[in-house]
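Just below is one structure, and these are the notes that go with it.
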Amino acid sequence: MIRVLVIVGAVGLTLQAFIGLSFLISCLQEKETRASMFALIQFVFMSLFLAVYLILVWTGFFGTAMGISILIAGYIVVGIASLLLFKKNKPNQKALEGTKGLIVGDVKRFDERETVFSRTGSLRPGSEQYETFYREHPEYQAVDDARRAKGGPMGDLGAIDRPHGDINVAMLMASSNLPFYLADPDKVKPQPHFSFKKGLTVKKTTISPEEASERIKGYAKMLGAGLVGIANLNPFWVYSHYGRITRDNWEDWGKEVPITHQYAVVFAEEMSFEMIGPAPHTPTSVESMHNYAKGAFIAVQVASFIANLGYSATANHFRYYENLMVPLAVDAGLGEIGRMGYLITKEFGPRVRLSAVTTDMPLIPDKPVDIGVEDFCGFCKKCAVCCPSQSIPMKDRSEVNGTLRWKLNEQSCYDYWGKIGTDCNVCMRVCPWSHARTFPHRLIVAMITRNALARRLFYIMDDIFYGKKPRSKEGPEWARYKSH
């Protein structure tokens with residue numbers, strides 16, 4: 001029996017050292033200097049511990065009374081620690097309700113005209129819409145006019161890296177062409193391609209909700225979606241009025257957004273860990289726009305696919321939204337809302353951009369998930385501490401428009417965007433959930449999604465290994481923004 005325990009102990013310590021080595025390799029791959037140093041110290045300690053253990057085995061120490069006592073005590077400690085760190089905690093029932101679990105009062109649909117992008121990107125001084133909006137919302141006019149004078153929410157694009165970031169600005173503008181082109185009415189609200197044939201009547205294809213859901217998810221993933229989920233469309237998350245003008249569709253401005261669909265298919269596109277590393281510099285905006293373009297590419301094709309089956313579908317992407325993306329993604333089971341206001345997923349953390357297709361085609365909705373984000377973000381305030389504009393709240397969640405959440409100060413956030421000329425993404429970069437999904441980080445995520453103690457332990461370790469205020473990294477050579 002003792003021999004078996006000795007062998008199992010050797011295997012366990014060898015596995016521990018292997019995990020330590022893989023974490024060191026992961027830190028080196030991520031170009032994390034501080035983390036690499038601590039990972040090396042950790043690996044050396046683990047290796048020494050294994051070496052001492054093997055020496056004691058070789059000398060026959062564990063055949064003595066003292067050795068047996070220490071061996072058994074070690075198993076007891078490891079057993080208790082494993083139970084505490086790996087045991088699945090009681091689920092968060094509110095999280096499993098999706099956005100319904102966040103509703104604590106009266107919710108009003110949000111008017112898209114009031115978003116900063118609609119105000120500064122669409123309204124033209126002197127136009128009828130400009131006069132109408134600011135007559136009803138005079139509180140926005142002075143700050144919005146100041147933003148317009150600087151070029152809008154993003155201000156002078158690439159200002160933080162000028163002149164060396166101009167090439168990256170050219171890249172992000174190139175990626176923005178696709179969503180703009182795909183915002184045409186015939187793209188976001190497609191008709192069946194077969195209807196172009198004269199005299200042909202398009203009939204709805206008979207297909208079960210189960211097969212339709214399977215087909216749509218498979219098609220979206222083939223197109224490049226990292227995650228796909230389906231939700232029952234909650235009317236609360238549909239904009240009340242149109243406000244974003246992309247293709248001179250001024251006749252739509254101010255009109256009520258109709259609620260004609262029952263389902264939303266939501267896509268999450270992963271943002272590269274390497275490209276997020278330089279945030280708030282220009283490579284992160286290149287990556288943002290690339291994934292917005294990818295989302296538009298996926299959404300319009302999925303919408304067209306559904307239309308060709310004879311059902312109504314609307315693509316929601318960077319240049320055309322009828323719905324709030326994050327709540328839809330929560331209800332579709334892709335993740336939870338974090339302190340920074342982004343969706344946090346198990347697979348990629350907050351490193352995602354979202355798009356969606358709404359439809360009347362019967363589908364099978366996915367269930368919301370509990371991955372521990374609410375608990376984790378409750379004590380981890382790294383995004384708030386590191387936010388350059390101090391726009392992320394340090395306090396607990398509060399009621400905002402009938403929902404319980406952390407309220408971002410979008411005005412100061414967008415003002416900082418205008419100052420630096422990028423979409424910042426510092427909060428995304430520093431979030432402990434954002435690490436590249438190497439083997440050690442996948443193991444950590446598996447633990448923190450199921451165990452509250454593990455969440456607190458690895459939060460502390462993240463501060464130790466990566467620092468309370470992690471520094472930005474250079475990013476890939478081809479996207480450099482500094483002179484050499």
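FYI, it's all coordinate maths here, none of it is from the lab. No experiment lies behind these values; they were computed from the predicted model shown. Note: ideal-geometry Cβ built from the backbone for every residue, glycine included; neighbour counts use all protein chains shown.
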Going through Lys90/Lys221; Lys294/Lys468; Lys150/Lys407; Lys221/Lys468 one by one, the pairs whose alpha carbons sit over 29 Å apart turn out to be Lys90/Lys221; Lys294/Lys468; Lys221/Lys468
Once the dipole of the range 392-451 is set up from charges on Cβ (+1 Lys and Arg, -1 Asp and Glu), the residue from the list Val400, Val426, Ala446 lying farthest towards its positive end is Ala446
Rounded to two decimals, the Debye log10 I(q)/I(0) of the chain (Cα scatterers, no solvent) at q = 0.08, 0.09, 0.11 Å⁻¹ is -0.56, -0.69, -0.97
Taking Cα atoms only, helix 439-448 is inclined relative to the longest principal axis of the chain by an angle, in degrees rounded to 10, of 80 degrees
Taking 8 Å as the Cα distance limit and 6 or more residues as the minimum spacing, I'd like the relative contact order of the range 222-353 as a percentage. 31 percent
Proxy reagent accessibility, fewest Cβ within 10 Å first, across Glu336, Glu410: Glu410, Glu336
Inter-label distance, nm, simple model (7 Å from Cα along the C-beta direction), Ala65/Met173: 8.3 nm
Between helix 452-466 and the chain, what is the angle of the helix's C-alpha long axis to the longest principal axis, kept within 0 to 90° and rounded to the nearest 10? 90 degrees
Cα-based Rg then Dmax for the range 2-86, in Å, read 15.1, 47
Exposure proxy order (Cβ contacts within 10 Å, fewest to most) of Tyr75, Tyr321, Tyr481: Tyr75, Tyr481, Tyr321
Provide the gained length on full extension for the span Tyr219 to Asn232, in nm with one decimal, where the gain is 0.36 nm per separating residue minus the Cα-Cα distance. 2.7 nm
Loop by DSSP (not H, G, I, E, B), at most 12 other beta-carbon atoms within 10 Å: where is the longest site-free stretch of the chain for trypsin sites (Lys or Arg not before Pro)? 256-394
For an R0 of 51 angstrom, estimate the FRET efficiency from the Cβ-Cβ distance between Glu399 and Leu15 and round to the nearest 0.05. 0.60
Separation of the range 343-393 and the range 1-64 by C-alpha centroid, Å? 35 Å
For the cross-link pairs Lys187/Lys482; Lys100/Lys473; Lys382/Lys419, which exceed 28 Å when the distance is taken from alpha carbon to alpha carbon? Lys187/Lys482; Lys100/Lys473
Using a Förster distance of 30 Å, how high is the FRET efficiency between Leu85 and Ile55, based on the Cβ-Cβ distance and rounded to 0.05? 0.60
Tilt relative to the chain, helix 410-420 - C-alpha long axis, 0 to 90 degrees, to 10: 90 degrees
